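Visitor: Before anything else, here's the structure in question.
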Amino acid sequence: MDNNIYIDGTKLPVPPKDGVSMSREPIWSSNAGRTADCTFVGDIKAWKWNISISWGKLSLAEVAVIRGAFSTLSKPYFNITFTDDTGSRRTIKAYSTSPKGTVQVYQNTDGSVSGVSVDIVEV
């Protein structure tokens, strides 16, 4: 099975073990809230994914792939294909934070970046 992560068909560098965390969050209906006796009421309309990906040490070329996948100015949303926490392959429409990381080493024109991470939210 292909367990790689793709953003609009671009294969991302493989995150390390424990480099991906995910949760499903409820989207509540407009009638959700507290009653006079503070009981919570409302209907769940949908469940949406939140995904966090972090990488260890990456080459500058790998960081360029990540930045390119998440930095398309012409569209705010993208399709991400991933394997969920049940082992199922999923493709969802999402948006993300900007990738961030720390430059570690520059020697000549080579270098590395660590701690690159991005947070993804299903639309």
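The values are calculated or read from the model by the stated rules, or taken from the named source; none is laboratory data. These numbers come from a predicted model, not from an experiment. Quick reminder, even Gly has a Cβ in these numbers, built from the backbone with ideal geometry, and neighbours come from all protein chains shown.
Visitor: Only residues in segment 4-28 that are polar (S, T, N, Q) count as the first member; pair them with residues that are surrounded by 12 or more Cβ atoms within 10 Å (Cβ to Cβ) and part of a strand (DSSP E or B), Cβ under 7 angstrom, at least 6 apart or cross-chain, and list the lot.
Guide: Qualifying pairs under 7 Å: ASN4/LYS11; SER21/SER52; SER23/ASN50.
Visitor: Tally up the residues in segment 65-76 that are closer than 14 Å to VAL118 by Cα and exposed (fewer than 14 other Cβ atoms within 10 Å of the Cβ), please. Let's see the steps before the verdict.
Guide: First, the residues of segment 65-76 that are closer than 14 Å to VAL118 by Cα: 65-71.
Add one more test, that the residue is exposed (fewer than 14 other Cβ atoms within 10 Å of the Cβ), and what stays is 68, 71.
Adding up the residues that qualify gives 2.
Visitor: A follow-up question, please. Condition first: surrounded by 10 or more Cβ atoms within 10 Å (Cβ to Cβ) and either under 12 Å from ILE66 (Cα atoms) or modelled with pLDDT of 75 or more (or both). Now tell me which residues in segment 92-110 satisfy that.
Guide: Across segment 92-110, the qualifying residues are ILE92, LYS93, ALA94, TYR95, SER96, THR97, PRO99, LYS100, GLY101.
Visitor: Could you please let me know if ARG89 is under 24 Å from THR10 (Cβ atoms), loosely packed, with under 14 Cβ neighbours inside 10 Å and among the basic types (Lys, Arg)? Full working, then the answer.
Guide: Numbers: under 24 Å from THR10 (Cβ atoms): yes; loosely packed, with under 14 Cβ neighbours inside 10 Å: yes; among the basic types (Lys, Arg): yes.
Yes: the conditions hold for ARG89.
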